[in-house]
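Right, one structure below, let's go through it.
The values are calculated or read from the model by the stated rules, or taken from the named source; none is laboratory data. What you see is a predicted model, and the numbers here were worked out from it, not measured in a lab. FYI the Cβ positions are ideal-geometry reconstructions off the backbone, even for glycines, and counts take in every protein chain you see. Surface areas here come from the heavy atoms of the whole protein model, side chains and all, with no ligands, DNA or RNA. Shrake-Rupley method; radii C 1.70, N 1.55, O 1.52, S 1.80 Å.
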Amino acid sequence: SKRPQGDIFKLSAYLAKVITKALAGSIEGAAQSMQFLKSTANLWSKNQVAAGTHMALTWVTPAGFTVSQKYCETECQEYKARLGTSRVKVRIYADTDKLDVAKMSSAMAPNFVHSIDAAHLALTVLRCNKKYGMTSFSVIHDSFGCHPTDMDKMVECIKEVLVEIHSSLLLQVLADEVSSKLPSELTELMIQA
């Protein structure tokens, strides 16, 4: 088939919106969770910017790891130089200390999900070791691997840990963590989201 013509970035953005809308209709709970995560990060970031503090948004995963999310606005400095007979423009981008509210919001859902995936992986490896003495693993992101003779044991541990993690109210735990660090009037807004 023929490649679509036009600005690939604009076409990709359009397609992303269409897919997001379609998914929202078919998996409503996931869309609501994603919106809650975005709203939480948005509320946090706007509060930090308004207070002039610009602190990272943090949460603790079920494995006990603290995740710190801080995306800052960037500023661009442009320099003009001569290189032989040519003129060259060099742009240098650097982070500022000011939180980027839009980036904080858009990154929250994938970062939260990745942190839960990482917790699941870490807790599964620990469970396999403690329960069966397993010490050989091959893991990448959210892919679990072990020696073929240990596969049944690992699958059992994967399922056990998955049930344990998702038996807790992960979004409520996050909401409680974040709201404990916000002024009470903002906590009400977060609960309504």
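Only loop residues by DSSP count here, and only those with at most 10 other Cβ atoms within 10 Å; note down the trypsin sites (Lys or Arg not before Pro) in the stretch 1-60 that meet that.
On the way: sites: LYS2, LYS10, LYS17, LYS21, LYS38, LYS46; in loops: LYS2.
Filter output for the stretch 1-60: LYS2.
Can you give me the accessible area per residue for the chain, using a 1.4 Å probe, in Å²?
Values: 12970 Å² over 193 residues.
With all protein chains present, the chain gives 67 Å² per residue.
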Any idea how far the Cα center of the stretch 1-44 sits from the one of the stretch 89-109, in Å? 20
Long-range amide H contacts for LYS98: which residues qualify at under 5 Å (H placed 1.01 Å from N, peptide plane, sequence gap of 5 or more or a different chain)? GLU73
What percentages make up the Cα-Cα pair-distance distribution of the stretch 12-164 when the bins are 5 Å wide from 0? 2, 8, 12, 12, 12, 12, 12, 10, 8, 5, 3, 2, 1, 0, 0
In the stretch 1-99, how many lysine pairs have Cα atoms under 19 Å apart, counting only pairs 8 or more places apart or on different chains? 11
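Over 22 Å apart: what share of the alpha carbon pairs of the stretch 66-142 falls there, rounded to a whole percent?
Everything past 22 Å amounts to 57 percent.
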As computed over the stretch 1-58, the Cα convex hull volume per residue (Å³): 131
Please turn the phi angles of the stretch 80-92 into ³J(HN,Hα) values with the Karplus equation 6.51 cos²θ - 1.76 cosθ + 1.60 (θ = phi - 60°), one per residue in order, whole Hz, x for glycine and proline. 10, 9, 10, 10, x, 9, 9, 9, 10, 10, 10, 10, 10
Keeping every protein chain in place, order ILE19, ILE165 by accessible area at 1.4 Å, biggest value first, i.e. largest first. ILE19, ILE165
Answer check: the stretch 117-164, Cα atoms, Kirkwood Rh, Rg/Rh ratio of 0.90
Can you tell me how the stretch 78-193 classifies by the Cα gyration tensor, rounded, prolate or oblate, using a/c under 1.5 as the rounded cut? oblate
Heads up, I need the accessible area for MET34: 1.4 angstrom probe, whole protein in place, Å², nearest 10. 80
Tilt relative to the chain, helix 8-26 - C-alpha long axis, 0 to 90 degrees, to 10: 40
Given H placed 1.01 Å from N in the peptide plane, which residues other than close sequence neighbours of CYS146 have an amide H under 5 Å from its amide H? SER138
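Which sequence of CYS76, CYS146 reflects their accessible areas, 1.4 Å probe, from the largest down? Intermediate values should be presented prior to the final figure.
Details: CYS76 65, CYS146 40 Å².
Of CYS76, CYS146, the descending order of accessible area is CYS76, CYS146.
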Would you kindly derive the ³J(HN,Hα) couplings of the stretch 29-37 from the backbone phi angles with the Karplus curve 6.51 cos²θ - 1.76 cosθ + 1.60 (θ = phi - 60°), listing them in order in whole Hz, with x for Gly and Pro? x, 5, 5, 5, 5, 4, 5, 4, 4
With a 10 Å cut-off between alpha carbons and a GNM built on the chain, which of GLY52, GLY64, GLY84 moves the most? GLY84
